[in-house]
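The values are calculated or read from the model by the stated rules, or taken from the named source; none is laboratory data. Everything numeric in this text was worked out from a predicted model, so none of it was measured. As a convention, Cβ positions derive from the backbone with ideal geometry for all residues, glycine included, and neighbour counts pool all protein chains shown.
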Protein chains: 2
Amino acid sequence: MDKTITLDYGSGGRKTASLIHELILPAFGNRYLSTLSDGAVLPGAESLVFSTDSFVVSPLFFPGGSIGKLAICGTLNDVAMAGGEPRYISLSLVIEEGFETHLLENILEDAAAEVRKAGVFVVTGDTKVVEKGSCDGVFINTAGIGVLKRPGLSPAAMKSGDAVLVSGPLGNHGMTILLARHPQLLEGDLRSDCANLAPLAAALYSLGEDLKVLRDPTRGGLATVLSELAESAQLGMEIREKDVPVDPSVRAACEILGMDPLYSANEGKLIAVVSADRAQEALALLRRFPEGEKAAIIGEICEDHPGLPVLRTPWGSSRILTALAGAQFPRIC
Amino acid sequence: MDKTITLDYGSGGRKTASLIHELILPAFGNRYLSTLSDGAVLPGAESLVFSTDSFVVSPLFFPGGSIGKLAICGTLNDVAMAGGEPRYISLSLVIEEGFETHLLENILEDAAAEVRKAGVFVVTGDTKVVEKGSCDGVFINTAGIGVLKRPGLSPAAMKSGDAVLVSGPLGNHGMTILLARHPQLLEGDLRSDCANLAPLAAALYSLGEDLKVLRDPTRGGLATVLSELAESAQLGMEIREKDVPVDPSVRAACEILGMDPLYSANEGKLIAVVSADRAQEALALLRRFPEGEKAAIIGEICEDHPGLPVLRTPWGSSRILTALAGAQFPRIC
């Protein structure tokens, strides 16, 4: 750890991992937390999934969403990725003194619309107001409780030959936020992919044990999540670049700005690892949803180069996908 | 609602109530949220209690505690006040760029110490880092899940004749934070009462249906909570000022600074309403704990002046305890 906390520690990449391993786990480590998945699985009369996220996205409103929509979708997705069917949400606001009430109302309406669509309930909450200059507009924390529907999702279940799927084109959210914050960089028509993935996840649960692991590639993007999965399982991955879906507008913006869509954040995409012989079925399940119509099988798990996902380009070269080293830019969620 | 959010909306008093009634309930209202208790009671194979709080206390370290200790105790207490035995906690950090790592470590150690003492688990979390100037040091959100042990706690269960108890002297936390922030105001030797109240609450659950309601008088203090309870039940309360415990150091600081200890925040005190014939037993249960050794019966529920708690002074005068109108000072939790 460095002597002070830099923005990199919030990147979702290697510095975030070092903060978790050097400060959080020594303080709180236990059998639930140490799995480091998107949500904790809790035993009981009915097994539950529990997850939380604080949202500090800037700007608060962006094409395709707002901090309100994101705060609900983000937590629904984390619960779903851990095998849970989301049921209950807590919502806690930290508001800067002087924030316009009608904007707060818009944010809450966006959140409420997602809550209604998802059929869940916001059941408890909190509101704090801090002096002007002590926070940036509004921060929202949500925590979510779901009922465990697919126990045992884990990188440890992955095997050589398993297929790696993504539910759609990558990088839209991160590039949308970048352009919303710096419109002078580029004129573009990007929209965040911010969406509730719980219905897609529930469809995949029907694969039973042939569904090995689910992750939503938010901060750090696809590359960081694949790197974490490969390292955790000590298996390799072969990813075919030509099969990784990226919208032309996102690709163009990334090329002009020197960004990599595989490291750009997503807020409405999932990664699934599935047994080879159910991969086509998984693909068909995802494609039934508008959010999954561009789903693709992008590669396979392998025994070579354990711990490392390797991206093969169409022209025969390859590169290793490592976890994001530092923040591309902060506050994308 | 005003056109912008002022600090008063975070006071825990009337403005906070207006925000809840005019923005939160219209957006999210449902049978769980509408009880407006410290935690939501969720049905299921095993009934659960779910609660959340965001902590923005300033300063981050104060006599008797820190934001880390407060973030755990605050949520344990909310779960316990709703009838739950706390089990699992989520912990989410928003950190300002440049924050010193060793201070973060101290905060997490304080939180971990409370977690261990309480026998609960931090099972999931999140870390965000925002640019320098976009938050004030560290904000922490915790959410807690407990198993429901005492169903049906509600102001609606209160009856004329019931006794009103407090678990100890009032106002310590609020006055400690005030003096920690403005040491030039007064030299004093105050300590926050920040403590986990779940063991005290669990002892009171043994009273069964004779325990009517539990609340922890945090923001807005004793007066605000009594006012809310009386209004909710449309019953009156007679409170004897001479029986309301206030530490001499807190009383002195309040007198000098023109503050009212009954409106000053507490972070380790509970209010219990109990059937008259079990009041002495409840008092004995509380006094078994170091945190409850100065517990007291401070008054009774009555049918007169419905909706209003009335404070009787030793010299025969009286005043109505209303909910806190505006923030005494912000960011006490």
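Please count how many residues of the stretch B:60-94 are of a type in the set (Ser, Thr, Tyr) and within 18 Å of the chain's Cα centre (by Cα). Explain how you work it out, then say what you get.
Keep residues of the stretch B:60-94 that are of a type in the set (Ser, Thr, Tyr), which gives B:66, B:75, B:88, B:90, B:92.
This time we only want the ones that are within 18 Å of the chain's Cα centre (by Cα), so: B:66, B:75.
Number of matching residues: 2.
If a residue has to be surrounded by fewer than 20 Cβ atoms within 10 Å (Cβ to Cβ) and touching a Pro at 6+ places or on another chain (Cβ under 8 Å) to count, how many in the stretch B:104-121 make the cut?
The total comes to 1.
Mind listing whichever residues of the stretch A:105-156 are in a loop (DSSP other than H, G, I, E, B) and of a type in the set (A, V, I, L, M, F, W, C)?
A:VAL120, A:LEU153
Does A:VAL225 satisfy the condition of being over 23 Å from A:SER37 (Cα atoms), crowded, with 21+ Cβ neighbours inside 10 Å and at pLDDT 95 or above?
Judged against the criteria, A:VAL225 is not a match.
As an exercise: evaluate B:ARG31 against (1) outside the structural domain of B:GLY144 (by TED's automatic domain parsing); (2) outside any loop (DSSP other than H, G, I, E, B) and give the number of the one condition it does not meet.
(2)
Filter the stretch A:108-157 for residues that are among the basic types (Lys, Arg) and free of Cβ contacts under 8 Å to residues at least 60 places away in the same chain and give the result.
Selection gives A:ARG116, A:LYS128, A:LYS132.
Collect the residues in the stretch B:92-112 that are hydrophobic (A, V, I, L, M, F, W, C) and more than 9 Å from every other protein chain (Cβ to nearest Cβ), keeping them in residue-number order.
B:LEU103, B:ILE107
May I ask you to list the residues in the stretch A:136-193 that are over 30 Å from A:GLU303 (Cβ atoms) and hydroxyl-bearing (Ser, Thr, Tyr)?
Once the filter is applied, which keeps residues that are over 30 Å from A:GLU303 (Cβ atoms) and hydroxyl-bearing (Ser, Thr, Tyr), the stretch A:136-193 yields A:THR142, A:THR176, A:SER192.
Take the stretch B:133-149 and flag every residue that is touching a strand residue (DSSP E or B) at 6+ places or on another chain (Cβ under 6 Å) and of a type in the set (D, E, K, R).
So the first thing to find is which residues in the stretch B:133-149 are touching a strand residue (DSSP E or B) at 6+ places or on another chain (Cβ under 6 Å), and the list is B:135, B:137-149.
Listed by number, the list holds a single entry, B:LYS149.
Please count how many residues of the stretch B:235-292 are in a helix (DSSP H, G or I) and of a type outside the set (D, E, K, R).
Result for the stretch B:235-292: 21.
Answer yes if at least one residue in the stretch B:201-217 is buried (at least 24 other Cβ atoms within 10 Å of the Cβ), acidic (Asp, Glu) and either outside any helix (DSSP H, G or I) or in the same structural domain as B:ARG87 (by TED's automatic domain parsing) (or both), and no otherwise.
No, the stretch B:201-217 contains no residue that is buried (at least 24 other Cβ atoms within 10 Å of the Cβ), acidic (Asp, Glu) and either outside any helix (DSSP H, G or I) or in the same structural domain as B:ARG87 (by TED's automatic domain parsing) (or both).
Got a sec? Which of A:ALA295, A:ALA325, A:ALA265, A:ALA272 is touching a Lys or Arg at 6+ places or on another chain (Cβ under 9 Å), in contact (Cβ under 8 Å) with a residue 24 or more places away in the chain and surrounded by fewer than 16 Cβ atoms within 10 Å (Cβ to Cβ)? Lay out the reasoning, then the answer.
Values: A:ALA295 fails: surrounded by fewer than 16 Cβ atoms within 10 Å (Cβ to Cβ); A:ALA265 fails: surrounded by fewer than 16 Cβ atoms within 10 Å (Cβ to Cβ); A:ALA272 fails: surrounded by fewer than 16 Cβ atoms within 10 Å (Cβ to Cβ).
Step by step, each of A:ALA295, A:ALA325, A:ALA265, A:ALA272 is checked, and only A:ALA325 is touching a Lys or Arg at 6+ places or on another chain (Cβ under 9 Å), in contact (Cβ under 8 Å) with a residue 24 or more places away in the chain and surrounded by fewer than 16 Cβ atoms within 10 Å (Cβ to Cβ).
Scan the stretch A:180-193 residue by residue and report those that are part of a helix (DSSP H, G or I) and in contact with a strand residue (DSSP E or B) (Cβ under 9 Å, 6 or more places away or on another chain).
A:ALA180, A:ARG181
Return only the number of the condition from (1) without any contact (Cβ under 8 Å) to a residue 40 or more places away in the chain; (2) touching a strand residue (DSSP E or B) at 6+ places or on another chain (Cβ under 9 Å); (3) of a type in the set (Asp, Glu) that B:GLU105 does not satisfy.
Unmet condition: (2).
Tell me, please, whether a residue that is surrounded by 21 or more Cβ atoms within 10 Å (Cβ to Cβ), closer than 30 Å to A:LEU190 by Cβ and polar (S, T, N, Q) can be found in the stretch A:2-10.
no
From A:ASP126, A:ASP53, A:ASP78, grab the single residue that is over 24 Å from B:SER18 (Cβ atoms), acidic (Asp, Glu) and facing chain B (nearest Cβ under 7 Å).
A:ASP53
Check off (1) basic (Lys, Arg); (2) surrounded by fewer than 21 Cβ atoms within 10 Å (Cβ to Cβ); (3) closer than 30 Å to A:LEU48 by Cα for A:ARG191 and give me the number that stays unchecked.
Checking A:ARG191 against (1) basic (Lys, Arg); (2) surrounded by fewer than 21 Cβ atoms within 10 Å (Cβ to Cβ); (3) closer than 30 Å to A:LEU48 by Cα, the one that fails is (3).
Quick one: which residue in A:ALA282, A:ALA230, A:ALA265 is under 16 Å from A:ALA203 (Cα atoms) and hydrophobic (A, V, I, L, M, F, W, C)?
A:ALA282
Suppose we filter the stretch A:1-29 for residues that are more than 7 Å from chain B (Cβ to nearest Cβ) and of a type in the set (Val, Ile, Thr); how many remain? Break it down into steps so the answer makes sense when it comes.
As a first pass, look at the stretch A:1-29 and keep what is more than 7 Å from chain B (Cβ to nearest Cβ): A:8, A:11-15, A:17-18, A:20-22, A:25-26, A:29.
Retained after the next criterion (residues that are of a type in the set (Val, Ile, Thr)): A:20.
Final tally of qualifying residues: 1.
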